[in-house]
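Here is the structure we will look at, set down as structure tokens.
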Amino acid sequence: MNTLHRIDGRLHLEDVALDTLAERFGTPLYVYSRAALESAYRAYAEAFAATPHLICYAVKANSSLAILNLFARLGAGFDIVSGGELARVLAAGGDAGKVVFSGVGKTANEMRAALDAGILCFNLESESELHRLDRVAGDMGKVAPVSFRVNPDVDPKTHPYISTGLKENKFGVPIAEAPALYRLAASLPNLKVTGVDCHIGSQLTDLSPLADAADRVLDLVDTLAADGIALRHIDLGGGVGIRYRDETPPDLAAYGRVLAQKFAGRREKLLLEPGRSLVGNAGLLLTRVEYLKPGEDKNFAIVDAAMNDLMRPALYEAYHEIVAVGERTVPARRYDIVGPICETGDFLGFARDLAIEEGDLLALLSAGAYGMSMASNYNSRPRAAEILIDKNEIHLVRERETLDQLLAGERLVY
Ligand code: LLP
């Protein structure tokens with residue numbers, strides 16, 4: 001969906017010129033397009049229409065209340081990984097009955113909060129967690145719905161830091177051990193076995209690992225059924241990649257067809273946990289060039305956004321396209337785009353050819369996923385504001401953090 005376009009040389013998101021946003025709200029500034037968010041969600045709903053399914057948006061990708069609320073109104077469920085994410089989903093009007101809870105380290109308190117809320121399912125990641133949940137649910141006089149996150153050991157062919165389904169990863173339980181764990185879960189009084197779950201990695205650009213993982217999980221479901229353990233849902237996780245530069249992400253419609261075939265005639269509902277592919281290309285980070293610094297080997301454009309605002313380049317050497325918001329007649333030069341943080345790793349892009357002057361605005365594209373949600377206060381930098389654009393309407397959905405908020409909660413020792 002082409003929500004980003006130029007009118008008279010000025011970059012617009014939907015009907016709003018980005019330079020006007022920078023004037024009004026300052027920079028760095030995250031800006032999201034409602035049309036792009038909703039069209040990404042609808043693309044999923046359409047691609048999987050042939051299979052009874054529930055899309056559980058992975059909150060970690062972007063946990064803005066406004067975005068959670070938009071997806072909740074479209075009927076989404078949510079994949080959470082903490083009590084904080086549960087609180088966000090509930091505050092945003094999400095339906096607890098459509099929430100799945102993933103993560104290797106759920107605390108007893110988090111389990112209690114999720115049981116109180118009445119979530120759809122706990123995705124268990126170890127035997128110890130199974131025993132803890134059984135105890136916590138028993139103390140509350142409740143029965144906890146559970147899945148095991150199984151590790152199908154397929155190579156997702158993505159960055160090692162974001163591949164999660166290999167044997168050596170900390171996630172899930174080995175698929176070979178799953179039948180015994182399911183039997184144990186079925187024997188415990190305060191657990192009800194309802195599903196199975198897997199997630200093999202993120203930013204996958206190839207359909208085949210997703211299809212292989214689905215096959216392995218479906219085989220397990222059949223083995224369990226033969227053992228008298230019938231499941232209600234099969235959660236195949238997230239992981240569908242997006243285009244940052246020149247990647248060709250998997251075609252959702254093709255993925256939908258593959259799964260429709262595999263699920264034909266089955267009783268279990270399909271669950272998916274997409275994050276990046278719902279929000280990644282719906283957002284950008286707006287930043288202003290503070291200084292142009294020519295060097296002997298390189299030129300630097302020092303901008304007011306930094307690794308604390310968008311950590312992906314520093315952490316994964318991730319590529320984000322960087323474009324000038326206005327148009328200049330000055331010649332383009334090659335710049336490393338860097339932030340003000342005192343770390344060599346504080347870069348947003350290397351060797352970008354840009355026709356810019358000091359004071360100009362740049363947009364870092366595809367920043368809707370794992371941008372603001374991974375932002376920190378490193379170097380005591382308040383976190384950016386967030387704007388949601390809806391055609392020509394401008395909504396400030398999160399205020400810029402203030403210095404008072406930055407210092408709140410701290411105490412001196414006398
Ligand atoms: N479900 C589970 C259990 C996950 O661990 C993840 C992501 C997702 C769903 C959503 O995956 P997605 O559809 O977004 O690929 N910070 C990294 C990405 C880490 C992903 C971790 N797990 C980045 O910026 O690329």
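The values are calculated or read from the model by the stated rules, or taken from the named source; none is laboratory data. Just so it is clear, the structure is predicted and the values come from calculations on it, not from any experiment. So basically every Cβ, Gly included, is an ideal-geometry build from the backbone, and we count neighbours across all protein chains shown. Surface accessibility is based on the protein's heavy atoms, side chains included, excluding ligands, DNA and RNA. Shrake-Rupley method; radii C 1.70, N 1.55, O 1.52, S 1.80 Å.
Overview of results
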| quantity | calculated |
| --- | --- |
| Nearest 10 degrees, 0 to 90: helix 207-226 Cα axis against the chain principal axis | 20 |
| Percent carbon-and-sulfur accessible area, segment 1-160, ignoring ligands, DNA and RNA, probe 1.4 Å | 48 |
| Contour minus Cα-Cα distance for Arg132 and Leu406 (0.36 nm per residue) | 95.1 nm |
| Cβ-based net charge around Ala314, under 11 Å, with every Lys or Arg adding one and every Asp or Glu removing one | -3 |
| Range of Cα positions in segment 16-129 per principal axis (Å), largest first | 53, 37, 22 |
| Surface accessible to a 1.4 Å probe, per residue, for the residues of segment 1-142, Å² | 38 |
| Radius 10 Å from Cβ of Val323, net charge of other residues (Lys, Arg +1; Asp, Glu -1) | +1 |
| Additional length obtainable on full extension of the chain from Leu207 to Glu357, 0.36 nm per residue less Cα span | 49.7 nm |
| Estimated FRET transfer efficiency (Asp139, Lys192; beta-carbon r; R0 25 Å; 0.05) | 0.90 |
| Separation between Cα centres of segment 236-275 and segment 284-315, rounded to whole Å | 35 |
| Two-site FRET efficiency, Leu90 against Val330, from Cβ-Cβ distance with R₀ of 51 Å, rounded to 0.05 | 0.50 |
| Rounded if a/c under 1.5, otherwise prolate or oblate - the chain, Cα gyration tensor axes | prolate |
| Probe 1.4 Å, accessible area per residue of segment 216-350, Å² | 46 |
| DSSP bridge orientation in the chain - percent antiparallel, rounded to nearest 5 | 45 |
| Sorted peptide list for 399-407, 129-137, 63-71, criterion being average Cβ within 10 angstrom, highest first | 63-71, 129-137, 399-407 |
| Rounded to 10°, Cα long-axis angle of helix 34-47 versus longest principal axis of the chain | 30 |
| Cβ-based net charge around Ala17, under 12 Å, with every Lys or Arg adding one and every Asp or Glu removing one | -2 |
| Percent carbon-and-sulfur accessible area, segment 264-395, ignoring ligands, DNA and RNA, probe 1.4 Å | 47 |
| Separation of the Phe350 and Thr223 label points, Cα + 7 Å toward Cβ, nm | 4.4 |
